[in-house]
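The structure appears right after this line, and notes come after that.
The values are calculated or read from the model by the stated rules, or taken from the named source; none is laboratory data. Since the structure is predicted, the reported quantities are computational estimates derived from the model, not experimental observations. Reconstructed Cβ throughout: ideal geometry from the backbone, glycine too, with neighbour counts over all protein chains shown.
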């Protein structure tokens, strides 16, 4: 057990509470970065009703939600909230309630208590919203990702994909229906479900782009990788030089993939085990934040990122088998041989674009993530 310091801030963000007792809670280290666990610890140990704001510099900022009688407050200045995501600011939870209560009422649903934090990242925030009938999900994201609810609605309507149901959506947020219950013992690999969705979207790229999704050609991925190699501020000089040394081989890989005739389709962009679940209706696919139109096989870069050699081969074969029902197996196999490097390059340039959209200096964690994809490009091209 360790102690976690807590800041209690009023909804305006202008005042911080001065408690008579130490404003800290005791938690296991495993739960220290869990927003919902922090809120529960504050309620149990400090007897204060709060909502989570953010983790910062070794302590946690929370927003006070209880009666103000009996608390002493002092002015709070210089918090830099204007540079944060909306969900990292005091007052955000009230904005959420103002958005979601009317559409919930239209569905005959009454919210029960405050939403519960499910996940917070620098890209998005997800809340579980309890109602008297069922749980629903609230997701808010940076404006770069406003396409997501439109994509999932289109997939459900036109492709029959098992994706979340959209209850309501705004410019940078949406409400999703409760997800189907997860079941054990899946009878197929989720990559097989992804392949079927991708094949069904072949030739419909214009429709998907109209939803707000970007489109990436193989040549654009290579040219953007070349642009990243000029950015020492993103990845450092050593890795920038490494990318430049790999560009000719990356161009060759793109040319080989292009010759196979596998068309662009929808790409999930972040396809891994935390974004799928096996249900009574098959694989349920969610978190389409990074959806785009590109070569479908680049989704394997994330999906197989941490797999062993044997597991990679087995899962890739399952994906290949579905694609080979629609296109010549020889072409599918040849494309798969080269798209690992292209997929890693796509992740590099896509993440670089996301970081640039935040308009802040690149931090160490962001740079490490980018450099990891550089090394994966190198490893893939070397193995071929």
Matching residues in region 150-171 (touching a residue at least 24 places away in the same chain (Cβ under 8 Å), closer than 21 Å to residue 92 by Cα and crowded, with 17+ Cβ neighbours inside 10 Å) number 2
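What residue, among those in region 1-36 that are in a loop (DSSP other than H, G, I, E, B) and out of contact with any strand residue (DSSP E or B) (no Cβ under 9 Å at 6 or more places or on another chain), is modelled with the lowest pLDDT? Reasoning before the result, please.
Taking region 1-36 and keeping what is in a loop (DSSP other than H, G, I, E, B), we get 1, 10-14, 19-23, 28, 32-34.
Adding the requirement that they be out of contact with any strand residue (DSSP E or B) (no Cβ under 9 Å at 6 or more places or on another chain) leaves 12, 21.
Working: 12: 88, 21: 71.
The extreme case among them is 21.
In region 299-313, which residue that is out of contact with any helix residue (DSSP H, G or I) (no Cβ under 7 Å at 6 or more places or on another chain) and without any contact (Cβ under 8 Å) to a residue 40 or more places away in the chain is nearest to residue 351 (Cα to Cα)?
Taking region 299-313 as the starting set, the residues that turn out to be out of contact with any helix residue (DSSP H, G or I) (no Cβ under 7 Å at 6 or more places or on another chain) are 305-306, 308-313.
Filter again for without any contact (Cβ under 8 Å) to a residue 40 or more places away in the chain, leaving 306, 308-313.
Values: 306: 18, 308: 24, 309: 26, 310: 28, 311: 26, 312: 23, 313: 26 Å.
Per the stated criteria, the residue is 306.
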If residue 95 meets every condition in (1) touching a helix residue (DSSP H, G or I) at 6+ places or on another chain (Cβ under 6 Å); (2) without any contact (Cβ under 8 Å) to a residue 24 or more places away in the chain; (3) surrounded by fewer than 16 Cβ atoms within 10 Å (Cβ to Cβ) apart from one, which number is that one? (1)
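So that you can scan it fast, the table gives a plain yes or no per residue for (1) under 18 Å from residue 382 (Cβ atoms); (2) in contact with a strand residue (DSSP E or B) (Cβ under 7 Å, 6 or more places away or on another chain); (3) at pLDDT below 95:
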{"residue": "233", "(1), (2), (3)": "no, no, yes"}
{"residue": "245", "(1), (2), (3)": "yes, no, no"}
{"residue": "249", "(1), (2), (3)": "yes, no, no"}
{"residue": "254", "(1), (2), (3)": "yes, no, no"}
{"residue": "273", "(1), (2), (3)": "no, no, no"}
{"residue": "278", "(1), (2), (3)": "no, no, no"}
{"residue": "283", "(1), (2), (3)": "no, yes, no"}
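May I ask you to verify whether residue 22 is loosely packed, with under 12 Cβ neighbours inside 10 Å, under 27 Å from residue 138 (Cα atoms) and more than 30 Å from the chain's Cα centre (by Cα)? Spell out the reasoning first.
Details: loosely packed, with under 12 Cβ neighbours inside 10 Å: yes; under 27 Å from residue 138 (Cα atoms): no; more than 30 Å from the chain's Cα centre (by Cα): yes.
No; evaluated as a whole, the condition is false for this residue.
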With the requirement that a residue be part of a strand (DSSP E or B), touching a helix residue (DSSP H, G or I) at 6+ places or on another chain (Cβ under 9 Å) and touching a residue at least 40 places away in the same chain (Cβ under 8 Å), what does region 42-64 give you? 50, 51, 52, 53, 54, 60, 61, 62, 63
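Here's the yes/no breakdown for (1) under 22 Å from the mean Cα position of the chain (by Cα); (2) buried (at least 23 other Cβ atoms within 10 Å of the Cβ); (3) at negative phi:
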{"residue": "273", "(1), (2), (3)": "yes, no, yes"}
{"residue": "286", "(1), (2), (3)": "yes, no, yes"}
{"residue": "289", "(1), (2), (3)": "yes, no, yes"}
{"residue": "308", "(1), (2), (3)": "no, no, yes"}
{"residue": "315", "(1), (2), (3)": "no, no, yes"}
{"residue": "325", "(1), (2), (3)": "no, no, yes"}
{"residue": "344", "(1), (2), (3)": "yes, yes, yes"}
Residue 175 is checked against (1) in contact (Cβ under 8 Å) with a residue 24 or more places away in the chain; (2) loosely packed, with under 14 Cβ neighbours inside 10 Å; (3) within 25 Å of residue 285 (Cα to Cα) and fails just one. What number does that condition carry? (2)
